[in-house]
Amino acid sequence: MAGLGVLIFIVTICLLAPIYAHNIAHTNPFASNIQGSTFINGKRVMLLQQNTQGLGFGVTPIGPTWNFSHYFLGADDQGRDVFARLLYGGRSSLLIGTASALLCCIVASILGLIAGYFGGPIDWLLSRVFDIIWAFPIYLLAISLSVVLLTSGLNIGPLHIGAGSLFLPILIIAAVFIPYVARPLRGLTMSLREREFIQAAIGSGSSDLRILWKEILPNAAPSVIVFFPLMVAFNMLTESALSFLSIGVQPPAASWGTIINDGLGLLYTRPWVALAPGIMIAITAVSLNILGDGARDAFDPKAKLRGSI
Amino acid sequence: MKKFRLMRIVGAFAATLLVGSSAVTSSVPASADSSSFTYQPSHAGGTLKLLASTAGGTLDPQVNYTLQYWQLFQASYDGLLSFHKVSGQSSFDVVPDLATALPIVSNGGKTYTFTLRKGIKFSNGAPVTVNDVKASLERLFKVSNPNAGSWYAGIVGATACLATPATCTLSGVVVDPSTNKVVINLTTPDAEFADQLATPFGSVLPATAPSKDSGTTPIPGTGAYYFKSYNPNTKLVMLRNPNFKVWSAAAQPQGYPDEIDQVFSNTPESEVTMVENNQANFVFDPLPSDRLSQLSSKYANQLHVNTLTAIWYMPMNVNIAPFNNKLAREAVNYAIDKNAAVKIFGGSKLASPVCTILPPGFPGHVDSCPFQTPAGSTYSGPDLAKAKALVKQSGTSGAAVAIVATNDTVNAAVAQYAASVLNQIGYKATVKLLSANIQFNYIQNTKNKVQISLTQWYQDYPQASDFLKILLSCSQFHPGSDNSINISGFCNKSIDAEMATASTDMISNPTAGNALWSKIDQAIQGGNAVWAPLFTPKQIDFVSSGTGNYQFSKEFYMYVDQLWVK
């Protein structure tokens, strides 16, 4: 419950990002504000301040004001409100993590159930595809796909996804993790297929589709439900890694990974720009893992899943 | 590549290259040698450790076009001519290197006669001969030197070499082994030819050097150092050339370190820390912006700041929407706040706004800022209202625009700022960040349909043609090629004709020539708004406290071989 509570809190404040940005901070977190200024302690200060020490090189954004009404966590190198971007970035990270986990679980469930139920050449073919995908270091595969697709987008027949679309990281992350979910589901399905109630259904003349839908899926569903929060956390971490490497969410859109990347160049002078999204990722991932563990205990306490996050 | 393209060509030499004269000319004072570096043997020895985040590409001196390696090539290779190895403005002067003297120029400026020095050996022990000189000039075409089609296209026979590089034979290069004479015939007089020969592209290599890009395999040279090993993933090692003896300190002085290493795969942040801690001597990469304040306060005596003739700019593709519309290009020029870009770069002490293609202080530059309200000679700031009106007038409002930039901190930040501005004036702008290893070639290739990008140009030599002709003439636009340095794809035949006239004028009347280059600058930028010029940067070098004898060349920037580590 604690994990769920924290998660709900994070999701809620992220969903409220537009309200915070427009009504409280009065800022546009996607527009650069290089020459902008704000008031601190009644004094107007530039958001990006020219160094006046030594040789006078360098410009540093203002640090945290710890005042929710403006620049709570300070400004980034574009003069943007870091806290407002943090909330917007959470929307992207959570959206990508959730959507890719959903897509991954759906596709993996279909493929895992088909492979496990039909066996034979279909199982062999799907299993080899899983093996091939899983043989690549997962981040390397995701990075490779991102680099290729980021330059030209995805064009398959009438389907066109632009290079800057959030659907690209969703698709990429979902695709690379399909074997992670599908392989245990395949094994589970193979086990279920030998059970008496499935044999009875086959003997009674039920169609394969009906057996899969009415008999196998309901028994495999708890495993998928347990997988889901774990995959959200996994995928969110992957998204952050890709965005940190500039091959995930593309600016001016923000995700927690892109904000960390933005903060990398300010780590020495303004560490909060990178630390804040890092902390948010950690809290969210931990709460999702706790939620996943709770779901496992609730739905399938005897399940022997492949590792945990 | 990290767009530190260096080119420099000799202004003083050009001014003395009078058509029809047959006199030996020199751009170097008679006391050149006495003004060269004085070698101090007590500081010789040790290992110099340079840091770079990535390798600089091929080690072939006739192919590589990066400052990162030109800094090393100048100590490893020699041509018939070289740039004067001194600090200050004189470092742009051309001096004889493997040639005994500056060339005798005859035949109305079309024939250059050199005499090759005797007794010089390559690092592998083989003697340098006139046949090596001829083979090296022909090799420029065989390895598809980036400037073979521009700088060296005027050599008699070059046309055929450009058409069929593999069988290149330059009939215009005549050598005589018995007298060690090398005669180079040009189709037309070229005021910049001596400078072009003095760059690393003009290096004399063994005739046995491969007829293709040597990649990671070092080619023997004649300089004070040779390349011992090169692994682009780890490091590059240079050692003293055992066959090197100083023949001209002005052209190739003795170096100090026994070994020069360039280590790759560090981040700029860690590089700075290593230099701070004396674990390395020099950071090649641009210093991280968040360290500038600290460095300028704490390590002021280890920072060296030098004015550059360079430009950061945003070329707009004049052949595809929305920037095939002149009003849209003007709108971008009105909208971008150059002072904001300067601020991102590190502040007004490290960069200055620029409105023209030719940077301030450059031959042919005239102060002019046409795209501001009111237009004036100095930059006064953006005019967003005017920009929005122009976008609306152009009918391009709402167009999707992708800005392609490199993914390092400063470039990414400038690109993000520009995208924000484009969004404000009515476009749907995004930023596409690519690795510096591929971005520069990517934005040149028309197949990638790049609308607007962020890039830089660093002069090779102080001639207006190095910017205007190299970057904006029809001959430099090659659709479908990764080597199409005219990134905007701008091609105007009448302006090209004016460029040809200006080049000719530079030989007989540099004042008139520079005036014409200025007019061309106005016609291209003021009349067509092909680029959005941003600012001219300064070079900041950070060396460790244990490193001495910092010397800066206008051509090669810091002389790595002159640094003391003892």
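Coordinate-derived values only; no laboratory data. Keep in mind that this is a model prediction, so the values were computed, not measured. As a convention, Cβ positions derive from the backbone with ideal geometry for all residues, glycine included, and neighbour counts pool all protein chains shown.
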5 angstrom amide H check on residue B:124, placed H, neighbours 5+ away: B:221
Calculated log₁₀ intensity ratio I(q)/I(0) where the Debye formula runs over C-alpha points of region B:225-356, q = 0.10, 0.17, 0.22 Å⁻¹: -0.60, -1.06, -1.28
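What order do you get for B:43, A:22 when you list them from fewest to most C-beta neighbours inside 10 Å? Please report the intermediate quantities before stating the final value.
On the way: B:43 16, A:22 13.
Neighbour counts put them in this order, fewest first: A:22, B:43.
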Per-bin percent of Cα-Cα distances, chain A [10 Å]: 6, 23, 27, 21, 13, 6, 3, 1, 0
Lysine pairs within region B:289-396, Cα separation less than 30 Å, 8 or more sequence positions apart or different chains: 16
For region B:310-539, alpha-carbon Rg and Dmax in angstrom: 16.5, 51
Residue with peak Gaussian network fluctuation, chain A [Cα springs, cutoff 10 Å], from A:152, A:223, A:109: A:152
Amide H contacts of residue B:430 (H built 1.01 Å from N, under 5 Å, at least 5 apart or other chain): B:401, B:402, B:403
Shape call, region A:193-292: gyration tensor on alpha carbons, a/c limit 1.5: prolate
From phi via Karplus (6.51, -1.76, 1.60), per-residue ³J(HN,Hα) for region B:214-225 in Hz, x at Gly/Pro: 6, x, 8, 8, x, 9, x, x, 10, x, 5, 10
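What size of dipole, in debye to the nearest 20, comes out for region B:310-539 about its Cα centre when the only charges are +1 on Lys and Arg C-beta atoms and -1 on Asp and Glu C-beta atoms? Could the numbers behind the result be given before it?
Working: 16 positive and 12 negative charges, 139 e Å.
That gives region B:310-539 a dipole magnitude of about 660 debye.
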The protein assembly as shown - mean residue ellipticity at 222 nm from DSSP helices (-39,500 (n - 2.57) per run, n ≥ 4, rounded to 500): -12000 deg cm²/dmol
Residue-wise HN-Hα coupling along region A:135-150, computed from phi with Karplus coefficients 6.51, -1.76, 1.60 (Hz; x: Gly, Pro): 6, 7, x, 4, 6, 5, 5, 5, 5, 4, 4, 5, 4, 5, 6, 5
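Taking Cα pairs under 8 Å and at least six residues apart, what relative contact order does chain B come out at, in percent?
Values: 1351 pairs, mean separation 122.5, N = 566.
Relative contact order comes out at 22 percent.
What share of the DSSP beta bridges in region B:310-539 is antiparallel, in percent to the nearest 5? It would help to have the intermediate numbers written out before the result.
Values: 13 of 22 bridges.
Within region B:310-539, antiparallel bridges account for around 60 percent of the total.
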Estimated FRET transfer efficiency (residue B:494, residue A:136; beta-carbon r; R0 60 Å; 0.05): 0.60
Partner lysines for residue B:469 [C-alpha distance under 16 Å; skip if fewer than 8 residues away on the same chain]: B:493, B:519
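Which whole-number percent is the relative contact order of region A:30-183 (Cα, under 8 Å, 6+ apart)? Display every interim value, and only then the final one.
Details: 180 pairs, mean separation 27.6, N = 154.
With pairs under 8 Å counted, the relative contact order is 18 percent.
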Cα-based shape type of the protein assembly as shown, given that a ≥ b ≥ c are square roots of the gyration tensor eigenvalues and the cut on a/c is 1.5: prolate
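Given charges of +1 on the Cβ of Lys and Arg and -1 on the Cβ of Asp and Glu, with all other atoms neutral, how large is the dipole of the protein assembly as shown about its Cα centre, in debye to the nearest 20?
Working: 56 positive and 49 negative charges, 169 e Å.
The dipole of the protein assembly as shown has a size of about 820 debye.
What are the semi-axes of the equivalent ellipsoid for region A:45-201, taken as the square roots of 5 times the Cα gyration tensor eigenvalues, largest first, in whole Å?
Taking √(5λ) for each eigenvalue gives 49, 18, 14 Å, largest first.
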Most positive-pole-ward Cα, B:247, B:87, B:233, against dipole of the protein assembly as shown from beta carbon charges: B:233
Long-range HN-HN contacts of residue B:60 with modeled amide H, under 5 Å: B:214, B:215
Overall form of chain B per C-alpha gyration tensor (a/c, 1.5; a/b vs b/c): oblate
Whole-Hz ³J(HN,Hα) from phi, Karplus 6.51 cos²θ - 1.76 cosθ + 1.60, for region A:6-22, glycine and proline x: 4, 4, 4, 4, 5, 4, 5, 5, 5, 5, 8, 3, x, 5, 4, 5, 7
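Using Cβ contacts closer than 10 Å as the measure, can you line up A:44, A:270, A:210 from fewest to most? Don't jump to the answer; show the numbers that get you there.
Details: A:44 8, A:270 23, A:210 11.
By the 10 Å Cβ count, ascending: A:44, A:210, A:270.
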Centre separation in Å (Cα based) which lies between region B:397-461 and region A:195-221: 56 Å
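So, with +1 on the Cβ of K and R and -1 on the Cβ of D and E, and no other charges, what is the size of the charge dipole of chain B about its Cα centre, to the nearest 20 debye?
On the way: 39 positive and 35 negative charges, 148 e Å.
So the dipole magnitude of chain B works out to roughly 700 debye.
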Among A:25, B:177, A:184 the positive-end extreme of the charge dipole of the protein assembly as shown (Cβ point charges): A:184
Stretchable slack from residue A:283 to residue A:35, in nm (0.36 nm times residue separation minus alpha-carbon distance): 85.9 nm
Efficiency of FRET between residue B:144 and residue B:217 - r from beta-carbon atoms, R0 25 angstrom, step 0.05: 0.90
Eligible aspartates and glutamates near residue A:214 by straight Cα distance, threshold 20 Å, same-chain separation 8 or greater: A:194, A:196, A:300
Relative contact order computed over region B:46-132 (Cα-Cα under 8 Å; 6+ residues apart), in percent: 14 percent
